[in-house]
1. How do 73-80, 154-161, 193-200, 118-125 rank on mean C-beta neighbours within 10 Å, highest first?
2. Rounded to the nearest percent, how much of the accessible area of the range 25-175 (1.4 Å probe, protein heavy atoms only) is carbon and sulfur?
3. Report the one residue of L33, N3, A50 whose Cα lies farthest in the direction of the positive end of the charge dipole of the range 1-63 (charges on C-beta: Lys and Arg +1, Asp and Glu -1; origin at the Cα centre).
4. If contacts are Cα pairs under 8 angstrom and at least 6 residues apart, what is the relative contact order of the range 28-86 in percent?
5. Rounding to the nearest 20 debye, state how big the charge dipole of the chain is about its Cα centre with +1 on each Lys and Arg Cβ and -1 on each Asp and Glu Cβ.
6. Using each residue's phi in the range 107-124, evaluate 6.51 cos²θ - 1.76 cosθ + 1.60 at θ = phi - 60° and report the 3J(HN,Hα) Karplus result to the nearest Hz, with x for Gly and Pro.
7. With θ set to phi - 60°, apply the Karplus curve 6.51 cos²θ - 1.76 cosθ + 1.60 along the range 84-92 and write out the HN-Hα couplings as whole Hz, x wherever there is a Gly or Pro.
8. Skipping prolines and chain starts, which residues have an amide H placed within reach, meaning under 5 Å, of the one on E180, given they are 5 or more residues away or on another chain?
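The values are calculated or read from the model by the stated rules, or taken from the named source; none is laboratory data. Source: prediction; values computed, not measured. Cβ: placed from backbone, ideal geometry, glycine included. Neighbour counts: every protein chain shown. The area values use the complete protein model at the heavy-atom level, side chains included, leaving out ligands, DNA and RNA. Shrake-Rupley method; radii C 1.70, N 1.55, O 1.52, S 1.80 Å.
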Amino acid sequence: QENGIRYIVDFENGQKTGFFLDQKYNRRAAAALAGGKKVLDCFTHTGSFALNAAKAGAACVHAVDISADAVAMAQRNARLNGLEANMSFEAANVFDLLHSLPGQPYDYIILDPPAFTKSHQTVDAALRGYKEINLRAMKLLPRGGYLATCSCSHFMTEELFCKMLRAAAFDAKVALRQIEARQQSPDHPILWNVPETNYLKFYLFQVV
(Lines give C-alpha, C1' and ligand atoms only; values in the text may rest on other atoms or scores of the structure.)
Protein backbone atom coordinates (compact mmCIF):
# COMPACT_ATOMS: atom_id res chain seq x y z
CA GLN A 1 0.00 0.00 0.00
CA GLU A 2 1.30 3.43 -0.98
CA ASN A 3 -0.42 6.83 -0.81
CA GLY A 4 -3.58 5.00 0.25
CA ILE A 5 -3.60 2.79 -2.86
CA ARG A 6 -3.21 -0.99 -2.75
CA TYR A 7 -1.12 -2.81 -5.33
CA ILE A 8 -0.54 -6.36 -6.41
CA VAL A 9 3.20 -6.58 -7.13
CA ASP A 10 4.87 -9.37 -9.09
CA PHE A 11 8.25 -9.58 -7.39
CA GLU A 12 9.30 -12.64 -9.39
CA ASN A 13 8.48 -11.62 -12.94
CA GLY A 14 7.97 -7.85 -12.71
CA GLN A 15 10.44 -5.34 -14.14
CA LYS A 16 13.28 -4.91 -11.64
CA THR A 17 11.53 -5.07 -8.23
CA GLY A 18 8.07 -5.05 -9.81
CA PHE A 19 7.27 -1.63 -8.29
CA PHE A 20 9.17 1.67 -8.18
CA LEU A 21 9.13 3.11 -4.67
CA ASP A 22 11.32 6.09 -5.56
CA GLN A 23 8.35 7.88 -7.17
CA LYS A 24 6.09 7.77 -4.10
CA TYR A 25 5.98 11.51 -3.38
CA ASN A 26 6.13 12.43 -7.06
CA ARG A 27 2.93 10.41 -7.57
CA ARG A 28 1.33 12.37 -4.76
CA ALA A 29 2.46 15.69 -6.27
CA ALA A 30 1.22 14.68 -9.72
CA ALA A 31 -2.13 13.56 -8.29
CA ALA A 32 -2.66 16.96 -6.68
CA LEU A 33 -3.18 18.43 -10.18
CA ALA A 34 -5.44 15.66 -11.49
CA GLY A 35 -8.85 16.62 -10.10
CA GLY A 36 -11.37 16.93 -12.94
CA LYS A 37 -8.69 16.41 -15.62
CA LYS A 38 -8.60 14.07 -18.62
CA VAL A 39 -5.34 12.26 -17.95
CA LEU A 40 -3.06 10.24 -20.23
CA ASP A 41 -0.51 8.18 -18.26
CA CYS A 42 2.28 7.02 -20.57
CA PHE A 43 4.60 4.13 -19.67
CA THR A 44 2.16 3.31 -16.87
CA HIS A 45 3.88 0.03 -15.91
CA THR A 46 1.49 -1.39 -13.30
CA GLY A 47 -0.59 1.78 -13.11
CA SER A 48 0.82 3.76 -10.20
CA PHE A 49 0.60 7.33 -11.57
CA ALA A 50 -2.73 6.52 -13.24
CA LEU A 51 -4.22 5.14 -10.03
CA ASN A 52 -3.06 8.14 -8.02
CA ALA A 53 -4.67 10.45 -10.57
CA ALA A 54 -7.92 8.48 -10.54
CA LYS A 55 -8.06 8.43 -6.75
CA ALA A 56 -7.52 12.21 -6.75
CA GLY A 57 -10.68 12.71 -8.80
CA ALA A 58 -9.56 12.82 -12.42
CA ALA A 59 -12.47 12.91 -14.86
CA CYS A 60 -10.92 10.01 -16.76
CA VAL A 61 -7.55 8.30 -16.93
CA HIS A 62 -6.12 6.38 -19.89
CA ALA A 63 -3.09 4.27 -18.96
CA VAL A 64 -0.72 3.01 -21.66
CA ASP A 65 2.25 0.65 -21.64
CA ILE A 66 3.92 -1.46 -24.32
CA SER A 67 3.83 -4.51 -22.03
CA ALA A 68 0.51 -6.35 -22.13
CA ASP A 69 1.42 -8.08 -18.85
CA ALA A 70 2.02 -4.72 -17.15
CA VAL A 71 -1.28 -3.38 -18.47
CA ALA A 72 -3.11 -6.45 -17.17
CA MET A 73 -1.56 -5.88 -13.75
CA ALA A 74 -2.58 -2.19 -13.87
CA GLN A 75 -6.17 -3.27 -14.60
CA ARG A 76 -6.09 -5.66 -11.65
CA ASN A 77 -4.82 -2.88 -9.41
CA ALA A 78 -7.61 -0.59 -10.61
CA ARG A 79 -10.21 -3.23 -9.71
CA LEU A 80 -8.51 -3.82 -6.38
CA ASN A 81 -9.01 -0.15 -5.49
CA GLY A 82 -12.47 0.25 -7.02
CA LEU A 83 -11.15 2.84 -9.48
CA GLU A 84 -11.85 1.11 -12.79
CA ALA A 85 -15.04 3.07 -13.56
CA ASN A 86 -13.24 6.12 -14.94
CA MET A 87 -10.08 4.33 -16.11
CA SER A 88 -9.13 2.71 -19.42
CA PHE A 89 -6.05 0.76 -20.39
CA GLU A 90 -4.13 0.09 -23.59
CA ALA A 91 -1.10 -1.99 -24.56
CA ALA A 92 0.64 0.20 -27.15
CA ASN A 93 3.92 1.80 -28.17
CA VAL A 94 3.80 5.26 -26.55
CA PHE A 95 5.85 6.85 -29.34
CA ASP A 96 3.34 5.67 -31.94
CA LEU A 97 0.36 6.60 -29.78
CA LEU A 98 1.52 10.18 -29.14
CA HIS A 99 2.16 10.60 -32.86
CA SER A 100 -1.29 9.36 -33.86
CA LEU A 101 -3.56 11.12 -31.35
CA PRO A 102 -5.75 13.81 -32.91
CA GLY A 103 -6.38 17.30 -31.57
CA GLN A 104 -6.13 17.86 -27.84
CA PRO A 105 -7.87 14.84 -26.28
CA TYR A 106 -6.20 15.21 -22.85
CA ASP A 107 -5.47 18.14 -20.58
CA TYR A 108 -2.90 16.31 -18.43
CA ILE A 109 -0.15 14.01 -19.73
CA ILE A 110 2.23 12.03 -17.52
CA LEU A 111 5.51 10.74 -18.98
CA ASP A 112 7.34 8.23 -16.77
CA PRO A 113 9.49 6.32 -19.26
CA PRO A 114 12.06 3.65 -18.46
CA ALA A 115 15.70 4.71 -18.63
CA PHE A 116 16.42 5.45 -22.29
CA THR A 117 20.16 5.32 -21.63
CA LYS A 118 22.31 3.14 -19.43
CA SER A 119 25.70 4.35 -20.68
CA HIS A 120 27.44 7.50 -21.88
CA GLN A 121 27.55 6.05 -25.39
CA THR A 122 23.77 6.13 -25.83
CA VAL A 123 23.01 9.56 -24.33
CA ASP A 124 22.50 11.23 -27.73
CA ALA A 125 19.98 8.59 -28.82
CA ALA A 126 18.23 8.87 -25.47
CA LEU A 127 17.98 12.65 -25.83
CA ARG A 128 16.20 12.17 -29.15
CA GLY A 129 13.76 9.77 -27.50
CA TYR A 130 13.06 12.06 -24.56
CA LYS A 131 12.60 15.03 -26.87
CA GLU A 132 10.21 13.11 -29.12
CA ILE A 133 7.79 12.13 -26.35
CA ASN A 134 7.94 15.51 -24.62
CA LEU A 135 7.51 17.44 -27.87
CA ARG A 136 4.50 15.31 -28.83
CA ALA A 137 2.95 15.70 -25.39
CA MET A 138 3.42 19.48 -25.43
CA LYS A 139 1.77 19.69 -28.86
CA LEU A 140 -1.18 17.60 -27.70
CA LEU A 141 -1.89 19.66 -24.60
CA PRO A 142 -4.12 22.74 -24.67
CA ARG A 143 -2.97 26.01 -23.16
CA GLY A 144 -3.44 25.60 -19.44
CA GLY A 145 -2.86 21.84 -19.64
CA TYR A 146 -0.42 20.01 -17.39
CA LEU A 147 2.67 17.90 -18.09
CA ALA A 148 4.49 15.62 -15.65
CA THR A 149 7.78 14.41 -17.10
CA CYS A 150 10.81 12.64 -15.73
CA SER A 151 13.99 10.67 -16.40
CA CYS A 152 15.35 7.93 -14.16
CA SER A 153 18.81 7.63 -15.78
CA HIS A 154 21.76 9.23 -14.03
CA PHE A 155 23.51 9.46 -17.41
CA MET A 156 20.77 11.89 -18.44
CA THR A 157 21.97 14.72 -16.22
CA GLU A 158 19.67 17.46 -15.01
CA GLU A 159 21.46 19.93 -17.29
CA LEU A 160 20.89 17.74 -20.36
CA PHE A 161 17.29 16.98 -19.42
CA CYS A 162 16.42 20.66 -18.94
CA LYS A 163 18.15 21.57 -22.21
CA MET A 164 16.02 18.94 -23.96
CA LEU A 165 12.81 20.25 -22.38
CA ARG A 166 13.59 23.81 -23.49
CA ALA A 167 14.25 22.60 -27.04
CA ALA A 168 11.02 20.57 -27.07
CA ALA A 169 9.00 23.55 -25.85
CA PHE A 170 10.58 25.80 -28.48
CA ASP A 171 9.79 23.34 -31.27
CA ALA A 172 6.25 22.82 -29.94
CA LYS A 173 5.81 26.63 -29.85
CA VAL A 174 4.69 26.62 -26.23
CA ALA A 175 5.89 28.15 -22.98
CA LEU A 176 6.22 26.14 -19.79
CA ARG A 177 5.35 27.36 -16.32
CA GLN A 178 7.24 25.23 -13.81
CA ILE A 179 5.10 24.08 -10.92
CA GLU A 180 7.58 21.79 -9.19
CA ALA A 181 11.02 20.27 -9.71
CA ARG A 182 11.48 17.09 -7.70
CA GLN A 183 13.81 14.13 -7.22
CA GLN A 184 13.49 10.65 -5.80
CA SER A 185 11.92 9.81 -2.44
CA PRO A 186 14.21 10.37 0.57
CA ASP A 187 14.51 6.63 1.19
CA HIS A 188 16.61 6.61 -2.02
CA PRO A 189 19.25 9.03 -0.66
CA ILE A 190 21.55 11.09 -2.85
CA LEU A 191 25.19 10.74 -1.79
CA TRP A 192 27.28 13.59 -3.15
CA ASN A 193 30.35 11.36 -3.41
CA VAL A 194 28.38 8.75 -5.42
CA PRO A 195 27.10 10.46 -8.60
CA GLU A 196 24.99 7.46 -9.61
CA THR A 197 22.65 8.07 -6.67
CA ASN A 198 21.51 11.40 -8.16
CA TYR A 199 19.42 9.96 -10.95
CA LEU A 200 15.72 10.92 -10.89
CA LYS A 201 14.54 14.21 -12.43
CA PHE A 202 10.83 14.95 -12.13
CA TYR A 203 9.10 18.11 -13.35
CA LEU A 204 5.53 19.35 -13.22
CA PHE A 205 4.68 22.03 -15.80
CA GLN A 206 1.68 23.96 -17.02
CA VAL A 207 1.60 24.77 -20.73
CA VAL A 208 0.99 28.50 -21.10
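1. Answer by packing, highest mean first, reads 73-80, 154-161, 193-200, 118-125.
2. About 53 percent, which is the carbon plus sulfur part of the accessible surface.
3. Toward the positive end, the furthest listed residue is L33.
4. For the range 28-86, the relative contact order is 36 percent.
5. Taking the Cα centre of the chain as origin, the dipole is about 640 debye.
6. Going residue by residue, I get 10, 8, 10, 10, 10, 10, x, x, 5, 7, 9, 10, 7, 5, 5, 10, 5, 4 Hz, with x marking Gly and Pro.
7. Ordered by residue, 3J(HN,Hα) equals 6, 4, 10, 10, 9, 9, 8, 8, 7 Hz.
8. L204
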